[in-house]
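Participant: One structure is given below, represented as structure tokens, and several questions about it will come after.
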Amino acid sequence: MAFTAVYVLVDHGRGAYASMAEVSVRALRRVQPGVPAVLIGDEDSRAYLTRDRDRLLGQFDRVIWAATDLPNLVARSFELKTRVRSLVAGDLAYLDGDTLPVRPFADLFERTDWDVALVQDRNHHRPVHPTAPNWIEPKLQKHRWSGPLQRYFNAGIQYLRDVPAVHQLVAEWRERLRESHAVGEHDDQLPLNYTLHTTEIPVRVLELPTAYNAMVAAHPVHARGAKVLHFFAGPAALAGNTLLGHLVRHLDATGEIDWPSFDRAVALDHPWVPPYWPRRLWQTGSPVRAVATALGQRLKLLPKAANEEAR
């Protein structure tokens, strides 16, 4: 079943978002060859991206520039996400720039039992198993929205059919997003989930396993068998030895993707590069390697300990 991969990028050159998006779309090309890719950016980002990021733009089959009147970069990015469905024809997979496709996921589009497919959010409240999101009650009250919500989906990866019900649903989401901005909140996820909770549109929502949106920043266990990794944009996504951070730094330094490191991480189901942490290796399903790494680290400490005792 044909589909299009869509990204949104609002970047005036002040961060690593453009580099993350380039790493992501080039990984997409590798694991899903032949899938069209579309980039949607705001008009204010156009000058920077066309001047300094032509290599990034060249990765896409189509680039769409859209005007938005919202005041800051985050708000503009979220608003453009609510316009993806109206700007791109056909079934689509929306991917945030902090995601990394690592295995094919086109199998989802062969199913006929959904209009919208999403993965429940994993976060510091519920890193492994999702529950009713009671932590958002204060925000619901601030918006004067009724609750409680029974499920809370992550908005960073969305699989959307091109059917009237989905267009109507996303239009409702956009209205809720505007309501949220009006009370001083800049969050796309709560408006999406409130829309799903309250809509009367007969839309079929399929809850997917975490493989289709593996939120490894919440817990390493989600890397096991992942199809699309999700690192959550921010300092932690690029800091230390995350695979995404390594690939971005390598891209910025060389203009190329470090595919050997990519392949090694995918083979291990471990989205970090060396030096490995034993606990993470254990959590991602490599207990033997975890024990061997822990023992190796201990052995390296023995000479140091012996020298200190000799003093």
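Participant: How many residues, within segment 71-96, are open to solvent by 20 Å² or more (accessible area, probe 1.4 Å), farther than 16 Å from R178 by Cβ and at pLDDT 95 or above?
Facilitator: Residues in segment 71-96 being open to solvent by 20 Å² or more (accessible area, probe 1.4 Å), farther than 16 Å from R178 by Cβ and at pLDDT 95 or above: 5 in total.
Participant: Quick one: in segment 97-129, which of the residues that are under 13 Å from N213 (Cβ atoms) and among the acidic types (D, E) is surrounded by the fewest Cβ atoms within 10 Å (Cβ to Cβ)?
Facilitator: Checked segment 97-129; the qualifying residue surrounded by the fewest Cβ atoms within 10 Å (Cβ to Cβ) is D121.
Participant: Which residue is most open to solvent (accessible area, probe 1.4 Å), if the candidates are limited to segment 265-301 and must be at pLDDT 90 or above and in a helix (DSSP H, G or I)?
Facilitator: The extreme case among them is A267.
Participant: Given the residues T210, T199, which is the only one that is modelled with pLDDT of 95 or more, open to solvent by 20 Å² or more (accessible area, probe 1.4 Å), within 20 Å of T131 (Cα to Cα) and β-branched (V, I, T)?
Facilitator: T210
Participant: For segment 27-52, how many residues meet the condition of being open to solvent by less than 40 Å² (accessible area, probe 1.4 Å) and not in a strand (DSSP E or B)?
Facilitator: Counting residues in segment 27-52 that are open to solvent by less than 40 Å² (accessible area, probe 1.4 Å) and not in a strand (DSSP E or B) gives 8.
Participant: Another question, then. In this structure, is V23 farther than 23 Å from R161 by Cα, assigned to a helix (DSSP H, G or I) and modelled with pLDDT of 95 or more?
Facilitator: In short, yes.
Participant: Just one of N154, N241, N213 is without any contact (Cβ under 8 Å) to a residue 60 or more places away in the chain and of a type in the set (S, T, N, Q); which is it?
Facilitator: Unique residue meeting the criteria: N241.
Participant: Which fully enclosed helices (runs of 4 or more DSSP H) of segment 174-263 have 1 or more residues being of a type in the set (K, R) and more than 25 Å from Q141 (Cβ to Cβ)?
Facilitator: Working: elements: 189-198, 235-238, 243-254.
In segment 174-263, the matching helices (runs of 4 or more DSSP H) lie at 243-254.
Participant: Given the condition farther than 26 Å from V205 by Cβ, open to solvent by 20 Å² or more (accessible area, probe 1.4 Å) and touching a Lys or Arg at 6+ places or on another chain (Cβ under 6 Å), answer yes or no: does some residue in segment 60-70 qualify?
Facilitator: yes
Participant: Next question, about the same structure. Which one of these does P148 not meet: (1) open to solvent by less than 30 Å² (accessible area, probe 1.4 Å); (2) farther than 24 Å from Y7 by Cβ?
Facilitator: (1)
Participant: Which of (1) surrounded by fewer than 22 Cβ atoms within 10 Å (Cβ to Cβ); (2) at pLDDT 90 or above; (3) over 18 Å from A211 (Cα atoms) does L177 not meet, given it meets every other one?
Facilitator: If we test L177 against (1) surrounded by fewer than 22 Cβ atoms within 10 Å (Cβ to Cβ); (2) at pLDDT 90 or above; (3) over 18 Å from A211 (Cα atoms), just (1) comes out false.
Participant: Give me the pairs: first residue in segment 272-294 and more than 23 Å from F262 (Cβ to Cβ), second residue in a helix (DSSP H, G or I), beta-carbon distance under 7 Å, and six or more apart or on different chains, which are they?
Facilitator: Filtered contacts from segment 272-294: A294/P278.
Participant: On to the next question. Tally time: how many residues in segment 53-78 are closer than 21 Å to R26 by Cα, in a helix (DSSP H, G or I) and among the charged types (D, E, K, R)?
Facilitator: So the answer is 2.
Participant: With respect to L244, is the statement that it is more than 21 Å from A117 (Cβ to Cβ), open to solvent by less than 50 Å² (accessible area, probe 1.4 Å) and not β-branched (V, I, T) true?
Facilitator: Yes: the conditions hold for L244.
The values are calculated or read from the model by the stated rules, or taken from the named source; none is laboratory data. Given the structure is predicted, the values throughout are model-derived calculations rather than measurements. Heads up, the Cβs are rebuilt from the backbone with ideal geometry, glycines too, and the neighbour counts pull from every protein chain shown. To get the accessible areas, we keep the full protein, side chains included, count just its heavy atoms, and leave off ligands, DNA and RNA. Shrake-Rupley method; radii C 1.70, N 1.55, O 1.52, S 1.80 Å.
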